[in-house]
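Notes follow once the structure below has been shown.
The values are calculated or read from the model by the stated rules, or taken from the named source; none is laboratory data. None of the values given here were measured: they were computed from a predicted structure. Methodologically, a virtual Cβ is constructed for each residue, glycine included, from the backbone with ideal geometry; neighbour enumeration extends over all protein chains shown. In case anyone asks, the SASA skips ligands and DNA or RNA and just uses the protein heavy atoms, side chains included. Shrake-Rupley method; radii C 1.70, N 1.55, O 1.52, S 1.80 Å.
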Amino acid sequence: MKYIDEFQDPELARGLLDEIRSTVTRPWALMEVCGGQTHTIIRHGIDQLLPDQVELIHGPGCPVCVTPLEVIDKALEIASRPEVIFCSFGDMLRVPGTGRDLFRVRSEGGDVRVVYSPLDALKIAQQNPDREVVFFGIGFETTAPPNAMTVYQARRLGIRNFSLLVSHVRVPPAIEAIMRSPNCRVQAFLAAGHVCSVMGLGEYPELAERFGVPIVVTGFEPLDILEGVRRTVVQLERGEHSVDNAYPRAVRPEGNPAALAMLEDVFEVTDRAWRGIGVIPGSGWRLAPRYRDYDAEYRFQVSGIDTREPAQCRSGEVLQGLLKPHECEAFGTVCTPRTPLGATMVSSEGACAAYYLYRRLDMNKTAPLEASPVG
Amino acid sequence: MCLAVPGRVLEIEERDGTRMATVDFGGVVKEACLEYLPDLQVGEYAIVHVGFALQKLDEESARQTLELFTQLGMLQEEFGDPWEMAAEAGGLPLPGAAEASQEARQ
């Protein structure tokens, strides 16, 4: 119970934990899809507070982590061009491409800028009509609508020197890919709350039914996670598999209709490679043909990139929940936040970074944390 | 970046044909686009992600979340200077320091 006093409402947390304990009779493996949730879980030691039968498996829901190396390398090449102002969210600065990162590109003279919002990048394009402004459009369903709106606005305002390097990913096809994997141990999902704030619940009932898995929409705060786990375990123990919204204060079943309409207008669904995992069919968005002029890959014709993934990095297995970060030989030795091999160690939402930041002492003095295989 | 933060709408104005708001995130004030929540009014709370209001939130939930995020230093992670944070994490010198901090303040 060493972490529980840090909870916003420790009494409520104790109550939820007691309920989970009294409900569980068998081992269960749940996957939290979102990197923000992984961060909360590790930071608060929620996985250690839960009864041994409940194992949390960390999913692929960190957009920074799953952006393919090839796209990072394209970003680095575009950002190095003298005519380009390359705009990105801050999380991407130190994600390693083949041999360097955006931080290094700036040190070498590239004009790399960090923006808070994609609309800030559009403003930079308006202020610099003689330069090409490229925005690095990564992220899940939460980030895609802002980026879609920015491209829509660029076209509406006739801004021609703006383009988007797109690498958007979608959660439901990733859930399907995880369930189809022959090594899959996942028996239920804590779905990412803010993704559902945009998308609603519409895509989940079919997945829950087809794979017989409960899907509980869950928020990001410690109590949200405990409540998500509680509802999931109740379903599992009863042999049920429905979609349940444990985050109603931010998620309406219909999502955000205006955002969905904009996604439909600006993007189209495409197959997308996930770093460390490979291509997942229908798992991404790209710009629809009528917005092709705003596609940085098309505009800059980046080619001839020699992409090399470090052989030691096992982030792909971490992202699929097949390996816990500290079970990787490079973890905390060759691979640290200072010298990351892969994006899962760089991003604040990456599972490896979360373990490194909050579990380092445990790693040094003990064997790997308990893994409770589910059979 | 995945984090979406609750904020309170202080002002709303039309800019370049787009509905924009000034939003207070527990003391940090930033702009947000309201095109996806066109009914949001001054004084109301919403979850804001990368400068876009995505879903309305009741005041009590928003206040609790903001309090928690402040305690955990997550507002600093979200709104702090990303170049400084990246340099610190990597043990690296800051490239174009003055310019970078100016961007972060914008």
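Assorted remarks:
- Portion, in percent, of the accessible area of chain A that falls on carbon or sulfur, probe 1.4 Å: 49 percent
- When B and A come together, around 4300 square angstrom of accessible surface is lost from both chains combined, probe 1.4 Å.
- The antiparallel fraction among DSSP beta bridges confined to the protein assembly as shown stands at about 50%.
- The stretch A:24-47 and the stretch A:206-263: distance between their alpha carbon centers, rounded to Å: 14 Å
- Computed per residue of chain B from DSSP H runs no shorter than four, each worth -39500 (n - 2.57), the mean residue ellipticity at 222 nm is -10000 deg cm²/dmol.
- Based on protein heavy atoms only, the protein assembly as shown ends up with 38 Å² per residue of surface accessible to a 1.4 Å probe.
- For the stretch A:242-312, GluC sites (Glu not before Pro) meeting the loop criterion (DSSP other than H, G, I, E, B) and having at most 11 other Cβ atoms within 10 Å: A:GLU254.
- Solvent-accessible surface, computed for protein heavy atoms with a probe of 1.4 Å, shrinks by 20 Å² or more for the following residues of the stretch A:67-105 when the other protein chains are added to the isolated chain: A:PHE89, A:ASP91, A:LEU93, A:ARG94, A:PHE103.
- Cleavage-rule hits, GluC sites (Glu not before Pro), the stretch A:94-165, DSSP coil, Cβ neighbours within 10 Å at most 15: A:GLU108
- Mean separation of Cα pairs under 8 Å and 6 or more residues apart, divided by the residue count, gives the stretch A:209-263 a relative contact order of 40 percent.
- Of the residues making up the stretch A:1-40, those losing 50 Å² or more of accessible area when the isolated chain is joined by the remaining protein chains, with a 1.4 Å probe, are A:GLN8.
- Counted over the stretch A:214-373, the DSSP beta bridges are approximately 65% antiparallel.
- When the solvent-accessible area of chain B is split by element, carbon and sulfur atoms take up 47 percent of it, the probe being 1.4 Å.
- Cβ-isolated cysteines (cut-off 4.7 Å), chain A: A:CYS34, A:CYS87, A:CYS184, A:CYS196, A:CYS313, A:CYS328, A:CYS335, A:CYS352
- Contact order relative to length of the stretch A:253-309, as percent, for alpha carbon pairs under 8 angstrom and 6 or more apart: 24 percent
- Inter-chain Cβ neighbour average for residues B:78-85, partner chain, 10 Å: 4
- Across chain A, C-alpha contacts under 8 Å between residues 6 or more apart give a mean separation that, scaled by the residue count, equals a relative contact order of 22 percent.
- Cα shape, chain A, gyration tensor, a/c 1.5 rule: prolate
- In the stretch A:207-254, the residues whose accessible area drops by at least 40 square angstrom when the other protein chains are added to the isolated chain are A:GLU221, A:ARG249, A:ARG252; the probe is 1.4 Å and only protein heavy atoms count.
- Averaged over the residues of B:63-73, the number of partner chain Cβ atoms lying within 10 Å of the residue Cβ comes to 3.
- Note on the protein assembly as shown: with charges restricted to the Cβ of Lys and Arg (+1) and Asp and Glu (-1), its dipole about the Cα centre is near 920 debye.
- With DNA, RNA and ligands ignored, accessible area of A:ARG43 (1.4 Å probe; Å², nearest 10): 40 Å²
- With Cα atoms defining each centre, the stretch A:74-103 and the stretch A:292-365 are spaced 16 Å apart in the structure.
- Helix-only arithmetic for chain A: the sum of -39500 (n - 2.57) across DSSP H runs with n ≥ 4, divided by the residue total, places the mean residue ellipticity at 222 nm at -11500 deg cm²/dmol.
- Stokes-Einstein D in µm²/s, Kirkwood radius over Cα pairs - the stretch A:88-146 at 20 °C with 1.002 mPa s viscosity: 171 µm²/s
- Relative to the dominant Cα principal axis of chain A, helix A:144-156 is inclined by about 20°.
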